[in-house]
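Below is one structure; the comments refer to it alone.
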Amino acid sequence: MENKLLLKFNKLEKNSIIPYLRKSFSNLKSACCLYHMVEQYEDIYTYLVNGESVITIEISREDASISTDSIITAQEYAKMKKGKQASKYIKELLDLAKRKDFQL
């Protein structure tokens, strides 16, 4: 079951999410999914892009359309998530952005 979900996610990412991110970021070099939340009518994904920006997108379950909810800096995201420990978290985010498996 877990393998099927991963395959489904990989297909969605390759065919829908990455092309959408390429339209949103002209210099897309890396993208890493930080968070996924299932809502009633859409799935919400949060991506770290190029180690600099964090974009939250919504994908409709009704028609598979994608819309941007927000784009903030990685520093703002780290502060929002970790508060006083943001500097340690931003280092983790930057290290994550450098991983080969997130390079496009």
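Quick notes on this structure:
- The HN-Hα couplings worked out from phi for the range 61-66 by the Karplus form 6.51 cos²θ - 1.76 cosθ + 1.60 (θ = phi - 60°) are 7, 6, 10, 6, 6, 10 Hz, whole numbers, x standing for Gly and Pro.
- Low-density loop cleavage sites - chymotrypsin sites (Phe, Trp or Tyr not before Pro) in the range 12-59, where at most 15 other Cβ are within 10 Å (DSSP): Tyr41
- Note, ³J(HN,Hα) from phi for the range 13-18, Karplus 6.51, -1.76, 1.60, rounded to Hz, x at Gly and Pro: 5, 5, 8, 10, 5, 4
- Computed extension length for Leu28-Lys11: 4.3 nm, one decimal, from 0.36 nm per residue of separation with the Cα-Cα distance subtracted.
- Dividing the mean sequence gap of close Cα pairs (under 8 Å, 6+ apart) by how many residues the range 1-47 holds gives a relative contact order of 22 percent.
- Based on C-alpha pairs under 8 angstrom that are at least 6 apart in sequence, the chain has a relative contact order of 21 percent.
- Look at the dipole of the chain built from charges on Cβ: of Met37, Ile59, Met80, the Cα furthest out on the positive end belongs to Met80.
- Given (1) 19, 15, 12; (2) 23, 15, 14; (3) 36, 16, 10, the label whose value is semi-axes √(5λ) of the Cα gyration tensor in Å derived from this model: (2)
Taken together, the values in this text are just the output of simple stated rules run on the coordinates, not laboratory data. Everything numeric in this text was worked out from a predicted model, so none of it was measured. Cβ: placed from backbone, ideal geometry, glycine included. Neighbour counts: every protein chain shown.
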